[in-house]
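*Asks:* Please see the structure below; I have some questions.
The values are calculated or read from the model by the stated rules, or taken from the named source; none is laboratory data. Keep in mind it's a predicted model, so treat the numbers as computed, not measured. When we count neighbours, we look across all protein chains shown, and the Cβ atoms used for this are built from the backbone with ideal geometry, even at glycine. Heads up: the accessible areas ignore ligands, DNA and RNA and are worked out on the full protein's heavy atoms, side chains in. Shrake-Rupley method; radii C 1.70, N 1.55, O 1.52, S 1.80 Å.
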Amino acid sequence: MTRFWGRHAQLPGGTTRDVLVSVADGVIVSVEAGVPAGSAFVLPGVLLPGFVNAHSHAFHRALRGRTHDRGGTFWTWRERMYAVAQRLDPDSYLALARAVYAEMALAGVTSVGEFHYLHHGPGGVPYADPNAMAEALRQAAADAGIRLVLLDACYLAGGFGAGLDPVQRRFSDGSAEAWAARVAALRRSDGMRVGAAVHSVRAVPRDQLPVVAKAAAGLPLHVHLSEQAGENEACLAAHGLTPTVLLAESGVLGERTTAVHATHLTGDDVALLGRTRTAACFCPTTERDLADGLGPARELADAGVRLSLGSDQHAVIDLLEEARALEMHERLRSGERGRFTSAELLDALTGHDVLGERSTRIEAGAPADLVAVRTDTVRTAGADPAQIVLAATAADVDTVIVGGVLVVRGGRHRLGDVAALLRTAIEPLWRDE
């Protein structure tokens, strides 16, 4: 039995003082409030449940600080992204993803949903192990000490009625049936659960969507939805339907499905997502970095859509900032403050259900995934512990515990110098630029 104690903790019933959390075999056994620390391991600041990064493209981290000199749009940014994708192999992807996942851990992330579509070698030629790139991600997460849900993405087309670009051949299995067969061969393990993804309605033709939905039965299923207005226009031109309606008619939407971005939605789209009990994942720092727009977060929540958060292309890896941006972007849209309560933001920050995992609320029976956020830094000093999500940043994360194991302590990851790991992994990818 291991015991952790915090002066403040955000429990399901609210912020509570002097909380003792007892852990055995990676699971919380008991939670006691109003008790002294005794011989327990004392955690500084406010104790929160582990954060969930519900939408990640690990290799996009190599683009940070490399795409701001040319202006443009999402579509021109994508050209730089494709250039990086061309240069990765299983070994270099392992080095990069290990460093990225360690950076996530430093920011309080204990579980990540990796939206994985970089499957094959150059030209689309499979590796000897067709899942070699997925295995690199499995090892990376294990080394970094965080939980991984691999959302293996089906990617078959370069647009509505368009073939694949040369680089996109690395993403494709050729058909939804071939994609499903490769995913079925993925080895499940304690460190990596398997889910599925439709890359987008642009990348999976209409007749292939039901095949993906059927293969993903019982799994978490994620899909990029209406990230750009241009996607909606092209879908309407091709099918006479919005992407949301197309997905619904193809059997993709439902309580195990998460719509990522959900930025450019009609009122009917919002209602349809609510009726089908589909969740939504917002990635505010990416959506603003790529000039995508501000999605209807409050309207979706009011329609019954569960909200979660992701750092997507990792222009920033700070889930506290993603949570704060959910509220701040709503303020910009509405001209009002307090669009989301601190409790609602914490729910989005810890949205494990969209990954098919158990919640990491600080309560008996939950996984022992805990994050201690300091209250004595220049950002958090004087803040109400109940409002820490609206004051703190990733730099204020002191301790991260995953399954009862210390992964970050005193703001330092068990792998050591994560900045050096990132530099070593990323710089070779840009040598020819």
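*Asks:* Which is within 15 Å of Leu150 (Cβ to Cβ) and polar (S, T, N, Q), of Thr258, Thr242? Can you show your working first?
*Replies:* Working: Thr242 fails: within 15 Å of Leu150 (Cβ to Cβ).
One residue alone meets the criteria, Thr258.
*Asks:* Under 17 Å from the mean Cα position of the chain (by Cα), modelled with pLDDT of 95 or more and crowded, with 20+ Cβ neighbours inside 10 Å: does that describe Ala372? If you could, list the steps in order and put the result at the bottom.
*Replies:* Numbers: under 17 Å from the mean Cα position of the chain (by Cα): no; modelled with pLDDT of 95 or more: yes; crowded, with 20+ Cβ neighbours inside 10 Å: yes.
In short, no.
*Asks:* Among the residues of region 230-238, is any over 24 Å from the mean Cα position of the chain (by Cα), crowded, with 22+ Cβ neighbours inside 10 Å and farther than 24 Å from Glu135 by Cβ?
*Replies:* Yes: one or more hits.
*Asks:* Going through Arg169, Arg70 one at a time, which residue ends up being open to solvent by 40 Å² or more (accessible area, probe 1.4 Å) and in contact (Cβ under 8 Å) with a residue 12 or more places away in the chain? If you could, list the steps in order and put the result at the bottom.
*Replies:* Details: Arg70 fails: in contact (Cβ under 8 Å) with a residue 12 or more places away in the chain.
Arg169 is the lone residue from the list that is open to solvent by 40 Å² or more (accessible area, probe 1.4 Å) and in contact (Cβ under 8 Å) with a residue 12 or more places away in the chain.
*Asks:* Which one is most open to solvent (accessible area, probe 1.4 Å), of the residues in region 73-111 that are at pLDDT below 95 and closer than 26 Å to Leu355 by Cβ?
*Replies:* Pass one, region 73-111, residues at pLDDT below 95: 73-87.
Those still in the list that are closer than 26 Å to Leu355 by Cβ too: 74, 78, 81, 84-85.
Working: Phe74: 21, Arg78: 43, Met81: 10, Val84: 1, Ala85: 0 Å².
Of everything passing the filter in region 73-111, Arg78 is most open to solvent (accessible area, probe 1.4 Å).
*Asks:* Suppose we keep only residues that are under 18 Å from the mean Cα position of the chain (by Cα) and open to solvent by less than 30 Å² (accessible area, probe 1.4 Å) within region 287-304. Which one would you say is farthest from Arg333 (Cα to Cα)?
*Replies:* Leu290
*Asks:* Go through region 177-187 residue by residue and tally those that are part of a helix (DSSP H, G or I) and within 24 Å of the chain's Cα centre (by Cα). Lay out the reasoning, then the answer.
*Replies:* Narrowing region 177-187 to residues part of a helix (DSSP H, G or I): 177-184.
Those still in the list that are within 24 Å of the chain's Cα centre (by Cα) too: 179-180, 182-184.
Matching residues across region 177-187 total 5.
*Asks:* From the residues in region 1-51 that are among the basic types (Lys, Arg) and closer than 24 Å to Thr341 by Cβ, which one is surrounded by the fewest Cβ atoms within 10 Å (Cβ to Cβ)? Please lay out each step first, then the result.
*Replies:* Of the residues in region 1-51, the ones among the basic types (Lys, Arg) are 3, 7, 17.
Among the residues that remain, those that are also closer than 24 Å to Thr341 by Cβ are: 7, 17.
Details: Arg7: 17, Arg17: 12.
Once the filter is applied, the top-ranked residue is Arg17.
*Asks:* Given the options Gly338, Gly365, Gly382, Gly410, name the one that is touching a residue at least 24 places away in the same chain (Cβ under 8 Å), at positive phi, open to solvent by 20 Å² or more (accessible area, probe 1.4 Å) and out of contact with any helix residue (DSSP H, G or I) (no Cβ under 6 Å at 6 or more places or on another chain).
*Replies:* Details: Gly338 fails: touching a residue at least 24 places away in the same chain (Cβ under 8 Å); Gly382 fails: touching a residue at least 24 places away in the same chain (Cβ under 8 Å); Gly410 fails: touching a residue at least 24 places away in the same chain (Cβ under 8 Å).
Of Gly338, Gly365, Gly382, Gly410, the one residue that is touching a residue at least 24 places away in the same chain (Cβ under 8 Å), at positive phi, open to solvent by 20 Å² or more (accessible area, probe 1.4 Å) and out of contact with any helix residue (DSSP H, G or I) (no Cβ under 6 Å at 6 or more places or on another chain) is Gly365.
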